[in-house]
């Protein structure tokens, strides 16, 4: 009996957003499969092929520099366009070259393969089968995340240690000072990284025009005689502190006069000042990139969990193909493999 997945089952598996649900669907398909020979599984079974595809991805993800290589690969608009083309249909190098010419890119076939396709294959986003290229399941799902971010290569350096991405992720959690970022990124690279991010409007310093913040002391203001203007200035100082510039805006008093009354309040020990370092914060565009990186990490975690389950048994044991005459209770039911979205 030929091993095949029913078209409706495949379509339903593709539409499920959860990789775990896709794996469960593939497991159910394998459970009732009785191939006549192992060769049928090897040559015709899509699940068997995808099992090997995911095992290759598992090996690639084991590389410590995998995430850096993946991000640098994606920071190229031409590669993202090719990944989108492959996600729509399998393509030969000739068809890819024609499609790129329609977009105004006149590359040789050698350039397309070496500069754009091979990097996709190296990080597990695409594969070659005979003369055709196609995306992996990982490539299809990642394409859904990045297809609207084709300009990412213009915003972030394509050949880097990905310190920019690390800074963006840190700033997405909360604004950070230079000293706080220095604990995450090597000091010799941090200034250059922050400069790059500011030049492309992904990060900026906070809007405070001064490092000096003014705070109230714990002293009871009733112990001092305050003029109406002094009281007005004092009452507009929030608990978290404020700069003189913002205080002038709140009190509608010129900044020069504000300084005058702040000095008087300091003399009465009702106010003190403190020098605070400026924070680096994400812009709207930087926040979008941060959300993309977060989604990519979530996708990688989803695949990592699935691959951990798939690779719990030795390779030789998983590759054993059940024969028709083997009793059902002796069949290996531990294999859970994903279904590729463009089979």
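The values are calculated or read from the model by the stated rules, or taken from the named source; none is laboratory data. Please read these numbers as outputs of a predicted model, since none were measured by experiment. Cβ coordinates were reconstructed from backbone atoms using ideal geometry, including for glycine residues, and neighbour counts include every protein chain displayed.
For region 174-190, name all the residues that are touching a residue at least 12 places away in the same chain (Cβ under 8 Å) and assigned to a helix (DSSP H, G or I). So that I can check it myself, show each step before the final result.
Here is the first cut: in region 174-190, the ones touching a residue at least 12 places away in the same chain (Cβ under 8 Å) are 175-179, 181, 184-186, 189-190.
Result: 178, 179, 181, 189, 190.
Residues in region 262-299 that are under 18 Å from residue 239 (Cα atoms) and buried (at least 18 other Cβ atoms within 10 Å of the Cβ) were compared, and the one that is farthest from the chain's Cα centre (by Cα) is 265. When the residues of region 181-204 are filtered to those that are closer than 21 Å to residue 289 by Cβ and out of contact with any helix residue (DSSP H, G or I) (no Cβ under 8 Å at 6 or more places or on another chain), the one that is surrounded by the most Cβ atoms within 10 Å (Cβ to Cβ) is 198.
Yes or no: region 155-173 includes at least one residue that is in a loop (DSSP other than H, G, I, E, B), modelled with pLDDT under 95 and farther than 30 Å from residue 283 by Cβ. Walk me through how you get there before you give the answer.
The first filter runs over region 155-173 and keeps only residues in a loop (DSSP other than H, G, I, E, B), leaving 156-162.
Retained after the next criterion (residues that are modelled with pLDDT under 95): 156-162.
The next check asks that each one be farther than 30 Å from residue 283 by Cβ; those that pass are none.
No, region 155-173 contains no residue that is in a loop (DSSP other than H, G, I, E, B), modelled with pLDDT under 95 and farther than 30 Å from residue 283 by Cβ.
Does residue 200 count as farther than 30 Å from residue 162 by Cα and at pLDDT 90 or above? Judged against the criteria, residue 200 is not a match.
Could you look through region 120-139, keep only residues that are in a helix (DSSP H, G or I) and surrounded by 19 or more Cβ atoms within 10 Å (Cβ to Cβ), and pick out the one that is modelled with the lowest pLDDT? So that I can check it myself, show each step before the final result.
Taking region 120-139 as the starting set, the residues that turn out to be in a helix (DSSP H, G or I) are 120-122, 137-139.
Still in the running and surrounded by 19 or more Cβ atoms within 10 Å (Cβ to Cβ): 120, 137-139.
Working: 120: 95, 137: 88, 138: 91, 139: 92.
Filtering first and then ranking leaves 137.
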